[in-house]
Every structure is written in structure tokens, then in C-alpha cells.
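Asks: I'd like to ask some things about the structure below.
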Amino acid sequence: MIRFKDVTYAYPNSTTVLNNVDLHIGRGERLAIVGDNGSGKTTLALLINGVLRVSSGSISVDGLNPSRNEDNLKLKHKVGLVFQNPDNQLVSTTVEREVAFSLENMNVAFDDMQNRVDRMLDFFGLNKFRKKLTSDLSGGEKQRLALAAVMVAEPDILILDEPGSYLDQTGKNLLNKAVDHLLADKPGLTVLRITQYSDEAALYNRLLVFRDGQIAADGNPDDIFRKADRRESIGVSIPLKYRIDRKSDTDAESQGEYKTPEKGSSDRLAIELDSVSFSYNDGNNNMLFDKLKLRLESGRVYGLVGPSGSGKTTLVQLMAGLLKPDSGKVNYEGFEAEPGRMAVSFQQPERQFFLDTVEAEIRFGAENLELPEIESITERCYYLTGLDREIYSGRNPFSLSGGEKRKLAFGTILSLQPSFIFFDEPTCGLDWPGVIKFRRLVGQLREGGIGIVIISHFGDVILNLADEVIVLKNGRIDMIKSREDFFMGYDYSEYLSTPDLLAYQLENMGEVKYLSEAELLSNKYDSR
């Protein structure tokens with residue numbers, strides 16, 4: 001159904017992303033695609049959909065040539081593509097019109113259109129938002145909307161480019177159910193899923209591993225994971241069952257566990273929310289936060305979790321001074337809320353880019369604040385983020401892959417030398433080496449006395465990094481617990497993926513262990 005013959009693609013800046021790729025995908029196949037950031041995964045998807053056209057070689061999609069204008073138009077009805085960033089594909093003003101958009105372009109009869117739109121809105125839990133502006137949705141709500149808008153057209157080929165990036169666990173479960181429903185209704189549906197997570201890849205019948213623009217492995221996921229050489233990244237973590245006999249390799253992944261610092265030290269900086277209330281000026285006077293109280297200290301890592309739309313990003317923006325409360329105060333102890341003291345890495349990193357090169361973006365913060373030793377700061381930012389200065393310094397930020405943009409966003413905020421850093425879904429789009437690099441980065445920042453807040457829907461991120469977990473639900477703080485207490489005694493399945501607790505133990509053998517193996521396997525944990 002899909003055939004690549006000696007396909008090469010280079011972006012206008014002459015960066016070759018795919019190099020002499022040969023590939024055949026049959027009708028009805030379910031295929032997962034993994035690989036390091038920048039290895040060509042998204043480019044492959046855009047070539048299949050006809051958004052990009054080959055530099056050399058040929059592509060056939062169900063007998064159509066994406067490079068021919070007349071065939072390219074026909075492909076739009078056959079290939080559904082869900083982007084990693086939903087903002088890149090939402091085009092309508094309201095939720096209801098977004099879901100109906102593709103059906104209107106396909107001249108679907110009104111009654112059929114209305115039924116299909118209603119079904120998708122109900123399935124993805126969007127019916128209550130049907131008249132809402134798409135711009136007012138949270139990141140997770142936008143992701144669900146993008147999925148609904150693509151799936152309502154019932155394509156022959158469904159390409160999912162990291163579709164769960166901004167979804168809570170409920171949203172991810174809905175996504176998997178939606179794909180299963182489509183497969184039941186349309187057994188010949190071909191599904192390609194780009195992912196950075198081995199548990200997602202393991203759900204598919206075939207796995208492609210991309211490395212440096214070429215296919216490094218192609219086969220059954222079980223076989224590939226079993227044979228994978230840990231010294232050569234395949235872009236995702238190797239599942240635990242293939243790692244138990246490779247403990248010496250696993251040690252290299254650990255970021256180095258650290259002890260939880262004591263709270264309340266007199267020399268710590270702090271951010272305190274004192275009876276903060278906030279509502280968006282959307283004409284509905286809906287109060288998001290009502291007299292919220294919270295205190296954060298420097299030198300600690302806080303995991304901020306909760307369902308999509310619960311107010312996590314808004315809370316971060318209030319603490320960082322990007323939004324002003326309707327009432328109450330945000331107090332800063334031990335420092336002034338001046339430029340550069342607090343920094344936010346946004347959920348969509350490209351929203352904070354505005355310069356022509358990676359180098360200019362990284363240097364801007366330090367130069368704008370007139371910090372000393374700018375060259376030293378810049379070099380350290382490259383090192384900490386894992387971006388090779390020689391390769392990336394002259395690249396346009398918007399030409400980077402999703403994971404590379406994420407790393408650049410880290411670099412831009414590190415150059416500010418802040419006292420508090422807020423990371424909003426920081427591991428979305430990162431390959432496995434990037435995730436490990438981020439863990440080490442957080443450990444180094446924390447040891448340096450930086451206060452850190454991490455918003456995430458990924459249980460492994462919170463388990464490995466957070467000292468305390470803050471749960472936000474319906475605009476209120478549901479609980480604040482230590483990492484140990486949270487993972488031992490509470491049901492987080494609605495908004496957080498289940499972490500690999502045993503892998504966490506094995507990867508930190510000989511280090512400080514918060515949860516013993518006996519505790520992990522005890523009835524106490526099983527009964528939560």
C-alpha cells in the first residue's frame with residue numbers, strides 16, 4: 001500500500017533528513033516507528049501525506065504519487081495525520097466546526113455529518129466544549145480535538161505522530177480505544193504510530209527503528225528489543241524484561257539518585273501563593289482558582305500533576321508572574337521577581353522562539369540581562385541540553401525536530417541563570433537519550449539550589465525526579481505528598497501513566513532507595 005523506493009529528502013537548508021530509504025508497508029499493517037530526535041520519523045510521515053515532496057526517489061501510496069498535484073489532493077481523503085503539536089493543525093474557531101471541517105470538504109451529507117461529529121465529540125469527551133473556542137482549550141483538550149477531527153473522516157491510512165504528548169492517562173486510553181474502534185469498523189486500516197515510548201511501540205505488530213535518516217531495524221518489536229544494543233540508542237528505553245540481565249548497561253542510564261533535602265531551611269528562596277484567585281476573561285466568569293494557597297522552596301523538585309484542563313499550566317504562569325491573580329498575592333521570599341529570576345519552558349517550545357538561529361536563541365537571555373561570562377554560559381547551555389554547538393548553532397529553530405526544539409527551549413531558559421524553573425511537559429518529544437539527559441540536568445540544577453516545578457503526565461518522570469507531588473483537580477490542590485507516599489498509596493491512573501517501579505529499583509541499586517522491592521510488591525501497593 002505504501003512503498004518508498006530509494007527516497008532521499010533534504011530540507012531547503014540542505015540538511016538531509018532521509019537518505020536512500022526503501023520501505024514497503026502493506027494494507028492493514030499496524031506499525032510503530034521509533035528513533036532518536038532528528039532521525040527522520042516525522043519527515044517520513046509528511047512525505048506519505050504529501051505535505052513534503054521527495055528530493056529524489058519515488059513514493060507510492062495506494063497507487064498514488066504524493067508528488068503529483070492531482071494525486072496529492074486525493075491523498076488528503078485517504079491519509080489522516082495527527083501532529084505532535086495540535087496547534088499545527090487546528091484551523092477552525094470552535095470545537096464543533098473543527099471536527100466537521102474535513103467532512104464539509106468531503107461533501108458529506110449534513111445528517112451523516114452531524115451524526116459523525118456528535119459521535120466523535122462524545123467519544124473524546126468534548127461534547128461540553130462543542131461551542132468553545134479552540135484557542136481556549138488546554139493542551140490535552142486540543143490533542144483530543146485533533147484526534148477527533150482526523151478520525152471523524154475515517155481515513156484508509158492513519159498516521160499518529162506522538163499523539164499522546166499532551167494527553168493525561170484518560171486521554172491516552174481514549175486514543176487507544178478510538179484506534180481499536182476504527183480497526184473494528186475498518187479492518188483494512190493501516191496505522192503508523194511515531195512514539196518515544198517502548199510500551200506504546202510494543203502494542204504494534206511491526207517496529208521500524210530510524211537512525212541518521214535510515215532504517216536501522218525493521219521487524220517484530222519483541223525481536224528488536226531483545227537484540228537491541230544498549231550502546232546504540234534506538235530512541236526509546238528498552239523494556240525491563242530485556243534489561244534484567246544487562247545491569248551493567250543499565251547503570252549508565254541512572255542520573256544519579258539524590259537525597260531529598262530538608263524543608264524549611266532558612267536560607268532557601270521561596271514562592272508563596274496567598275489566597276490566590278483567578279478566572280479567565282472569557283465572558284463566562286468561570287473561576288479557575290479560588291483562594292489557592294501553596295508554598296514552593298528552592299533546591300527542591302515538585303511534580304505538578306492532574307487531569308487535562310485542571311489548571312496546571314495556568315498555575316505555573318501565575319507563579320512565574322506571567323499572569324496576575326484576580327485577588328490574593330504571589331509572594332517571593334529572598335529574591336525580587338525581576339526578569340530572569342523565574343523561567344518557563346512552555347508546553348509548545350516553538351512559542352518562545354523568535355530569533356533566526358539556535359545560537360542567537362541560546363545567547364539572548366544572558367546578553368539581554370548583561371550577565372558576565374556569556375560565552376561560558378552559552379557553552380554550558382549546549383552541553384547541558386545535549387545539542388552539539390558545531391552542528392546546531394547556525395540552524396533555524398523552526399527547522400528542528402520536536403525533540404530538538406524541546407532541548408533548545410531548555411537552553412534558552414538556562415542562559416537566564418534563574419532561581420526557579422518551571423517545565424511544562426518537558427519530556428514530550430524527547431528521545432530516550434534526551435530523557436536521560438533531562439534527568440541529569442534536573443539533578444544538577446537541584447544540587448545547585450534551583451527550585452523546579454515539572455508538569456507531566458508521565459509517571460516515570462515524576463517518580464525519578466520529584467521530591468514532592470502536587471495534585472491539582474478542578475482548580476484546587478487535591479493533595480501534596482512526598483514521592484514515596486504518593487506512589488505507595490494513591491490512585492493516579494486518571495492523569496498519570498503507571499511508572500516502571502521495578503525498573504526504578506533496579507536502575508538505582510546501590511543508591512538511595514525510597515521504595516524497597518518488598519514494599520513495591522506488597523499488598524499495600526496492590527490495594528491502592
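Values in this text are rule-based calculations from the coordinates and carry no lab data. Quick caveat: nothing in here was measured; it's all calculated off a predicted structure. As a convention, Cβ positions derive from the backbone with ideal geometry for all residues, glycine included, and neighbour counts pool all protein chains shown.
Asks: Can you give the charge dipole size of the chain about its Cα centre, rounded to the nearest 20 debye, using +1 on the beta carbon of Lys and Arg and -1 on the beta carbon of Asp and Glu?
Replies: Roughly 720 debye for the chain.
Asks: Now a separate question. By the scheme Lys and Arg +1, Asp and Glu -1, what is the net charge of all other residues having a beta-carbon under 12 Å from that of Q143?
Replies: So the surrounding residues net to -3.
Asks: Grab the beta carbon distance between D180 and A109, set R0 = 22 Å, and tell me the FRET efficiency rounded to 0.05.
Replies: Efficiency at R0 = 22 Å is approximately 0.25.
Asks: Could you list K227, K142, K291 in order of exposure, starting from the residue whose Cβ has the fewest other Cβ atoms within 10 Å?
Replies: K227, K291, K142
Asks: What does the charge count around V17 come to, taking other residues whose C-beta lies under 10 Å from its C-beta (Lys +1, Arg +1, Asp -1, Glu -1)?
Replies: Result for the local shell: 0.
Asks: Okay, next question. What do you get when you divide the Cα radius of gyration of the chain by 2.2 N^0.38 Å, with N the number of residues?
Replies: 0.98
Asks: If you don't mind, another one. So for the pair R476, S493, with labels modelled 7 Å out along Cα→Cβ, what separation do we get in nm?
Replies: 2.5
Asks: Explain nothing, just compute: Karplus ³J(HN,Hα) = 6.51 cos²θ - 1.76 cosθ + 1.60, θ = phi - 60°, for every residue of segment 64-78 in order, whole Hz, x for Gly and Pro.
Replies: Per-residue couplings from phi come out as 9, 9, x, 7, 8, 4, 5, 6, 4, 5, 5, 4, 4, 8, 9 Hz.
Asks: Provide the percentage of antiparallel DSSP beta bridges, counting only those with both residues in segment 290-482; round to the nearest 5.
Replies: 25
Asks: Suppose each label sits 7 Å from its Cα in the direction of the beta carbon; what would the S60-K324 distance come out to in nanometres?
Replies: 6.4
Asks: Dividing the convex hull volume of the Cα atoms of segment 290-482 by its residue count, what figure in Å³ per residue is obtained?
Replies: Per residue, the Cα convex hull of segment 290-482 comes to 119 Å³.
Asks: Follow-up question, since we're still on this one. Classify segment 264-397 as rounded, prolate or oblate, taking a ≥ b ≥ c as the square roots of the eigenvalues of its Cα gyration tensor: rounded when a/c is under 1.5, otherwise prolate if a/b is larger than b/c and oblate if not.
Replies: The shape class here is prolate.
Asks: What pairs in K131/K473; K78/K132; K172/K473; K132/K291; K142/K312 have C-alpha atoms more than 20 Å from each other?
Replies: K131/K473; K78/K132; K132/K291
Asks: Order of E70, E297, E98 from fewest to most other C-beta atoms within 10 Å?
Replies: With the sparsest Cβ surroundings first, the list reads E70, E297, E98.
Asks: Now, a different point. Cut-off is 10 Å between beta-carbons; in what order do S60, S102, S237 appear when sorted fewest neighbours first?
Replies: Least to most surrounded, the residues fall as S60, S102, S237.
Asks: 222 nm [θ] for the chain, helices only, -39500 (n - 2.57) per DSSP H run of 4+, per residue, to 500?
Replies: Helix contribution divided over all residues of the chain: -10000 deg cm²/dmol.
Asks: So what is the relative contact order for segment 290-482, in percent, with contacts set as C-alpha pairs under 8 Å and at least six apart?
Replies: Worked out over segment 290-482, it gives 37 percent.
Asks: Sticking with this structure for a sec: Could you work out the relative contact order of the chain? I mean the mean sequence separation of Cα pairs under 8 Å and 6+ apart, divided by the number of residues, in percent.
Replies: The value is 15 percent.
Asks: Rounded to the nearest 0.05, what FRET efficiency do R119 and R380 have when you use their Cβ-Cβ distance and R0 = 45 Å?
Replies: Taking R0 as 45 Å, the efficiency between R119 and R380 is 0.30.
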